[in-house]
Amino acid sequence: MRENFIGIPTVVCNEKAVREHYRNLTLKLIEKGLTITTMESATAGQIASLITDTEGSSAVLRGAFVTYSNEAKVLQGVPYETIFKHSVYSEETAKSMAMACKATYGADIGIGVTGTMGNVDPENEKNSVPGEVYFAIIMGDEIHSFIKKIPHQPTRLLYKLFVADLIYMELDKILN
């Protein structure tokens, strides 16, 4: 652990380990014959990208949405009322994201992720808490949702990889 420029502890994400986790996940999904889809905001498609880094991933990844704006989320099936009532940064929005992408692609597993990485979102200052992410994983009819605090990361890529790894760890538990 080291400190960033203002003395906040930094737990730097291990990119190589995250990539290996997703390689194993993709192979496990192939072996089990399960399909997956994502609707990503905070991670901006990083999870789908990690899945497709493994040969044969076309057998499991049905498609993915990068919905960085609220409008994009609504266009892809997230009810406006959910965002308005609970904010874009909420478990409810993450659940709606996971449900919407799972339904659109007819996948076995849907993942929705939203949150704020290292800085306040100027479009949603009231609800934006840096380092707070929300994600949901739906497999079959079971919905698992999470709120996680993430430590400062030195780059945007490492923030996305850190969150992707949190999602991997929870998905791995669900699959086992």
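The values are calculated or read from the model by the stated rules, or taken from the named source; none is laboratory data. Computed from a prediction, not measured in an experiment: that's the story for all the values here. Positions of Cβ are generated from backbone atoms using ideal geometry, with glycine treated the same way; all protein chains shown enter the neighbour counts.
A few notes on this one:
- If you check Asn4, Asn24 for being at pLDDT 95 or above and surrounded by fewer than 17 Cβ atoms within 10 Å (Cβ to Cβ), only one passes: Asn24.
- Criterion violated by Val113 - all others in (1) more than 19 Å from Ser49 (Cα to Cα); (2) among the aliphatic types (A, V, I, L, M); (3) in contact with a Ser or Thr (Cβ under 8 Å, 6 or more places away or on another chain) satisfied: (1)
- Region 134-155, residues that are within 14 Å of the chain's Cα centre (by Cα), surrounded by fewer than 22 Cβ atoms within 10 Å (Cβ to Cβ) and not aliphatic (A, V, I, L, M): His144, Ser145, Phe146, Lys148, Lys149
- Applying a threshold of 9 Å to beta carbon distances and a minimum spacing of six or more residues, or different chains, the list of pairs starting in region 150-176 at a residue that is closer than 24 Å to Leu27 by Cα and touching a residue at least 12 places away in the same chain (Cβ under 8 Å) and ending at one that is assigned to a helix (DSSP H, G or I) and basic (Lys, Arg) reads Leu161/Arg19; Asp172/Lys28; Leu175/Lys28; Leu175/Lys32.
- Condition broken by Ile51, with the remaining ones in (1) more than 13 Å from the chain's Cα centre (by Cα); (2) farther than 25 Å from Val129 by Cβ; (3) not charged (D, E, K, R); (4) not in a loop (DSSP other than H, G, I, E, B) satisfied: (1)
- Scanning region 45-59 turns up no residue that is touching a Lys or Arg at 6+ places or on another chain (Cβ under 6 Å), polar (S, T, N, Q) and closer than 18 Å to Lys102 by Cβ.
- Restricting Val88, Val18, Val74 to those that are surrounded by 14 or more Cβ atoms within 10 Å (Cβ to Cβ) and without any contact (Cβ under 8 Å) to a residue 12 or more places away in the chain reduces the list to Val74.
- Candidate set: region 45-59, residues that are crowded, with 18+ Cβ neighbours inside 10 Å and in contact (Cβ under 8 Å) with a residue 24 or more places away in the chain; chosen: the one nearest to Lys95 (Cα to Cα): Ile47
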